[in-house]
Structures are given as C-alpha cells and as structure tokens.
Amino acid sequence: MVKPLPKWEMVKYSILWKHFGKKEFTNEAALKVLKEKDRHILSVLFYDLKKAGWIQIEREEKDQRKKKYRLKEPNELIKEMS
C-alpha cells in the first residue's frame, strides 16, 4: 500500500518525476537534477520513497553495488492511496 510523503519528499519526488518520468535513472543523475551535494539526503529520500511505495529500486547486473531507480506514476499512486 502506498503511503503519503512529507512535504519536502513530495517536492523532491515532483522534481524527479518532471525530469525522468517513468525512465530509469542513477543516483548520480538524481543528484544533478536535484542539485543536491549531500548524498546522505538522497539516501534518506530513496529509502523513504521505497518504504512508502513511490519508487522501484533494482541493482545493476554488472555491478551489484550500483542501483537503478524508477519512479511510480503519480496517477497510479493516487489510485493506490484511495
């Protein structure tokens, strides 16, 4: 079940959705789009998004340390919340 997000996370999700949509992206790409210098904040954001059901996270096949991210579509999230 999808859970609501705090306002600061909603703002960051919106920025990421506007830039990436349903496309996969990396941690580095998200840092650039969000203009974020602190990787810790991004880690907290992605942890909370995953826990709330707003993002899918997969490990890369070639290097299991790296992850690929994909946001869930806002319309789907709204349907799941109601």
Val44 versus (1) under 11 Å from the mean Cα position of the chain (by Cα); (2) surrounded by 14 or more Cβ atoms within 10 Å (Cβ to Cβ): which is the lone unmet condition?
-> (2)
Which of the residues belonging to the stretch 59-82 are surrounded by 11 or more Cβ atoms within 10 Å (Cβ to Cβ) and farther than 18 Å from Leu5 by Cβ?
-> Arg59, Glu60, Lys66, Lys67, Lys68
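Every number in this text was worked out from the coordinates using simple rules, so none of it is lab data. Keep in mind that what you see is a predicted model, and the values were worked out from it rather than measured. A quick note on method: Cβ atoms are made from the backbone with ideal geometry, for glycine too, and the neighbour counts reach across all protein chains shown.
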